[in-house]
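The values are calculated or read from the model by the stated rules, or taken from the named source; none is laboratory data. Not measured: the values here are computed from a predicted model. Cβ placement follows ideal geometry from the backbone for every residue including glycine, while neighbour counts extend to all protein chains displayed. Note: areas computed on protein heavy atoms with side chains; ligands, DNA, RNA excluded. Shrake-Rupley method; radii C 1.70, N 1.55, O 1.52, S 1.80 Å.
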Amino acid sequence: MAIMWIDDVTGILCEAAETAILPRFRALAEGDVEEKSPGEVVTVADREAEVLISRRLREVVNAPVVGEEAAAGNPGLAVALRDAPVVWLVDPLDGTANFVAGRPEYAVMAALVRAGETVAAWILRPVDGRVHIAERGSGAWRDGVRVRREPAPGEPAELRGAALTPFLDPRARARVEAAAPRFAALGPGTACAGVDYPRLLEGEQDFILFQRTLPWDHAPGALLLTEAGGVARRPDGSAYRPADPRSGLLNAADQACWNTVRPLLLS
């Protein structure tokens, strides 16, 4: 890896998980959970982890931090992705609803964005301690071992994927539901990008369709996937960039898989 301090960031995420997140897993007290917006919750673990991670990341690279919880209170923070030369992205607890429900599908994520491009990414699964790291142009790793995504099967009937339908409009949802029988499997995903991206990378799924594409949710996983040989593209075929505010993102094991799936789900 070219970035010498990449393990330092891993250590920061692990520290946040060990001090702010894991002690509260399946042990949330009354008042630890609040409604952030209709249908979305935030916990004291999200907030404490983000404060810790943001402070420590600035010590590694002194740059603006766009964290999910800070941006919820001040949406203008996201302008840094367009205007600042270097920006940190932080999702302190991806899959908060799963965390609140006592399900283990949650993650801690960070990414470094330089001149609008994600150049480094980290995804930590606190429950099992698994760490995925990617560096632009250098590859992707799981627990220190280089990983590559194997090509997907060629026929739709052999492909397994996920489509997060809750954020789709009724017409788009109907199109996805009509296409479902064409695939070997089409599920709803885990409600945690930090779990779904590694599953795609490791062959448990061949494609994932997202509608909402908040940058802290997708910058880490998109770099991880593309550095492992997969593709992360908007419905029009353009590459994913974290400052792009448009909705819709189709991720696939390879370009051939993307070309097969797109007309079935998005035409």
Just to be sure I understand, how many residues within region 202-231 are open to solvent by 20 Å² or more (accessible area, probe 1.4 Å), of a type in the set (S, T, N, Q) and in a loop (DSSP other than H, G, I, E, B)? 2
Does region 250-257 contain at least one residue that is farther than 20 Å from residue 177 by Cβ, touching a helix residue (DSSP H, G or I) at 6+ places or on another chain (Cβ under 9 Å) and of a type outside the set (Lys, Arg)? yes
For the list (1) of a type outside the set (Gly, Ala, Ser); (2) touching a Ser or Thr at 6+ places or on another chain (Cβ under 6 Å); (3) over 26 Å from residue 199 (Cβ atoms), I need the number of the one condition that residue 47 fails. (2)
Looking only at residues that are open to solvent by 10 Å² or more (accessible area, probe 1.4 Å) and assigned to a helix (DSSP H, G or I) in region 82-122, which one is farthest from residue 197 (Cα to Cα)? 83
Please state which of the following conditions residue 199 fails to meet, knowing it meets all the rest: (1) open to solvent by less than 10 Å² (accessible area, probe 1.4 Å); (2) part of a helix (DSSP H, G or I). (1)
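The rows are residues; the columns are (1) within 28 Å of residue 102 (Cα to Cα); (2) over 19 Å from the mean Cα position of the chain (by Cα).
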site	(1), (2)
5	no, yes
8	no, yes
12	yes, no
35	yes, yes
44	yes, yes
50	yes, no
Checking 206, 169, 236 in turn, the sole residue that is over 30 Å from residue 85 (Cα atoms) and without any contact (Cβ under 8 Å) to a residue 12 or more places away in the chain turns out to be 169
Of the residues in region 171-196, how many are of a type outside the set (Lys, Arg), within 15 Å of residue 266 (Cβ to Cβ) and not in a loop (DSSP other than H, G, I, E, B)? 8
Residue count, region 25-47, condition open to solvent by less than 80 Å² (accessible area, probe 1.4 Å), outside any loop (DSSP other than H, G, I, E, B) and without any contact (Cβ under 8 Å) to a residue 40 or more places away in the chain, comes to 3
Run down 105, 117 and say which single residue is within 30 Å of residue 29 (Cβ to Cβ) and under 19 Å from the mean Cα position of the chain (by Cα). 105
